[in-house]
Structures are given as C-alpha cells and as structure tokens.
Amino acid sequence: MIILDGKKASQGLVTDLKQKITQLKATGTLPTLAAILVGDDPASQIYLRSKKKRAAKLGVRLVTTKLPDATSTAELTTIIQKLNQDDHIHAIMLEMPLPAHINSQQAILAIDPRKDVDGVHPLNLGYLFSGHAHAIPNTPYGILKLLDHYHLSVKHQNVVVVGRSVVVGRPLAALLLNQDATVTIAHRFTTDLTKLTQQADILVTAVGQPNMISAEAIKPGAIVIDVGINRLANGKLAGDVDYASVARVARALTPVPGGVGPMTSLMLFYQTVQLARRQTNHG
Ligand code: NAD
C-alpha cells in the first residue's frame, strides 16, 4: 500500500515555488497575501498561526487583518475593497467560518476575482466549471497535485467524491471532469452510499465524520483520499476513513494528519505566487 504523504509531496513543490518567489523579488515584487479573520474561531486562529510560519519560511509576505466578531457585512466589504485597490496585495483569503450574522456570499462577492486566492468567487467557480480555471479552491487543487506527485492519473477512472461543499466536493468534481475522470458526487441525502463507494477506483471523502468509511466500503485496490479532519475525544486528529482497516484493501491512502492538509496549506502560497506573477505580467 502506498501512503500518499502530503508533507513529502508539498516539499516537492517548494523548490519550484521558492525559485518563482526569488524571480518576483528580483523584479521588485514581494508576493503578498492578505488574510482576514473575523471573530475568534479557535480553529481559524490555529490555521492562521501556521500560515504565518509557512509564509515566513517561503518568503511570502502575509498581512493579517483581525476584526471583532461584531463587524458588519458592510464594514467587512469596505475592508475587502481597500485590499482590492492596494497594488501591493496580490491575494486575499477570507478565513471561514465567518460569524453567523455576516452575509458570507456578499463578502465573497466583494473580493476582486483576480485576487481570490481560494477560488471561491462565483466567477472563478464558473471558470473552473467551464474548463478554464483561474484560481482554484486550495484543497481540491492540492489533491490533484498530490495524485500528480505519485503519478496517479485520474483519466478513465471512476471517482466518487463524498461531500458536496463549495470548497471541496464541488470544485474537486469539476477539476476531475476537466482531467477526463468519470465523477459521482455523494452527500448526506445519498441512498446506499456503500454501494456507490464500492465502485470507486478513486474515493475521496470530505464529510467530517470520524471512521465513517471502513474496508467494506472500498473496492479492493482503490485509491483513497481522506480529506476529513476530525478531533477525537482523546484530542487526536482522525479522518473520515478507518485508516487501519482501509489500509489493508486500498492501493493508496492518505494519512490524517499528513495527507491532504499539508497540500492545502502549500497551495495557498502556490496560488498567491501565481496571482502575483499574473498581476505583474510574469505569469
Ligand atoms: P461541509 O460541512 O461543508 O460539508 C460536508 C459534506 O458532507 C456535505 O456536503 C454533506 O452533505 C456531506 N455529508 C454529511 N454527512 C454525510 C453522510 N452521512 N453521508 C454522505 N455525505 C455526508 O464540510 P467541508 O468544509 O467540505 O469539510 C469536510 C471535512 O473536510 C471536514 O472534516 C473538514 O474539517 C475537512 N477539510 C479538510 C481540509 C484539509 O485541508 N485537509 C480542507 C477543508 C476541509
């Protein structure tokens, strides 16, 4: 069984990324990502801290805007518009989830699609679905790079994606279709999920339920990508897949942590640099 190691695969992309950053700096551009955090969601604060560390290591500038929980949608969109107009900012990331009173669709629409580093603006989702991707949600982009790293082609493959969120399941399905896979998206209202997953050459789970997928649900020899991140009662992290049993039947499997997560966090900077290159006519 191949362990699809996201730490190793992301390291493979770092060398190329650092080269591009050096080139940009030589032409006077410091690639800059603006992250906006509204409220005090503990997971978002942890993610932001790790982004800071990674940005520093890579030599990308990270500007963070922390706003109080009481921020209104109008105040947030005004701040986003200021970042849109700032030529020194190349990428904007709105940390999710936003507090419930904020109209998140309105906030996303305020991001300049050219700076939308997580590819969540409807224009970018439209480009992706029409086969002309500009900016892509980082997790599905990272999954494709991970498969690439291990020379696992999706062409002709029967792929089942469990989960239909706008940041994972839906854009992943579009990316896979663009690479000639046959894709089925399953979700909480899918009947007989196991029957579907048993037919998958490649199974991707992005649900958020620990151990919901066990060996019986897997076609022997399948490639299994576990996107789920679940905090267990003992404090440990687990995916959606029962790793020990699935590892006995799968051909390849991502661990949690250490699989999709490191790819997602690297793709954020990978795309920041891509956007900076385009905005300065180097890409
Ligand atoms: P979400 O809550 O927006 O979506 C969950 C999806 O699972 C929904 O589409 C829902 O229909 C489906 N679902 C729920 N119960 C189901 C069931 N019993 N059977 C089939 N489908 C079911 O979540 P999300 O933002 O897409 O994240 C999903 C998981 O992936 C979470 O655990 C999240 O923490 C994790 N995640 C990880 C990364 C990473 O980099 N590794 C990135 C994003 C999200």
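The values are calculated or read from the model by the stated rules, or taken from the named source; none is laboratory data. Predicted model only: the values in this text are computed from it and were never measured. For neighbour counting, all protein chains shown are included, and Cβ atoms are generated from backbone atoms with ideal geometry for every residue, glycine included.
Could you please find all residues in region 238-251 being closer than 18 Å to Ile143 by Cβ and not in a loop (DSSP other than H, G, I, E, B)? If the condition is that a residue be closer than 18 Å to Ile143 by Cβ and not in a loop (DSSP other than H, G, I, E, B), then Val241, Tyr243, Val246 are the ones that fit. Taken over region 252-283, the criterion of being in contact with an Asp or Glu (Cβ under 9 Å, 6 or more places away or on another chain) and in a loop (DSSP other than H, G, I, E, B) is satisfied by Thr254, Pro255, Val256, Gly258, Gly259. Looking only at residues of region 222-236 that are in a strand (DSSP E or B) and within 18 Å of the chain's Cα centre (by Cα), we find that the one that is surrounded by the most Cβ atoms within 10 Å (Cβ to Cβ) is Val224. Looking only at residues that are within 14 Å of Lys57 (Cβ to Cβ) and out of contact with any helix residue (DSSP H, G or I) (no Cβ under 8 Å at 6 or more places or on another chain) in region 1-21, which one is surrounded by the fewest Cβ atoms within 10 Å (Cβ to Cβ)? Step by step, filter region 1-21, then rank; the result is Thr15. All of Pro140, Pro113, Pro99 fail the test of being more than 16 Å from the ligand (Cβ to nearest atom) and without any contact (Cβ under 8 Å) to a residue 60 or more places away in the chain, apart from Pro113. Would you check which residues across region 22-57 are touching a helix residue (DSSP H, G or I) at 6+ places or on another chain (Cβ under 9 Å), among the hydroxyl-bearing types (Ser, Thr, Tyr) and at pLDDT 95 or above and list them? Listed by number, the residues that qualify are Thr29, Thr32. Going by the conditions given, is Val224 near the ligand (Cβ under 10 Å from one of its atoms) and among the aliphatic types (A, V, I, L, M)? In short, no.
Tallying residues that are without any contact (Cβ under 8 Å) to a residue 60 or more places away in the chain, assigned to a helix (DSSP H, G or I) and not hydrophobic (A, V, I, L, M, F, W, C) within region 143-160 yields 1.
For region 240-260, the set of residues classified as within 29 Å of Ala91 (Cα to Cα), in contact (Cβ under 8 Å) with a residue 40 or more places away in the chain and surrounded by fewer than 23 Cβ atoms within 10 Å (Cβ to Cβ) consists of Gly258 only. All conditions in (1) more than 10 Å from the ligand (Cβ to nearest atom); (2) free of Cβ contacts under 8 Å to residues at least 40 places away in the same chain; (3) under 21 Å from Leu128 (Cβ atoms) hold for Arg278, with the sole exception of (2). Looking only at residues of region 161-220 that are within 10 Å of the ligand (Cβ to nearest atom), of a type in the set (A, V, I, L, M) and part of a loop (DSSP other than H, G, I, E, B), we find that the one that is nearest to Val117 (Cα to Cα) is Val167.
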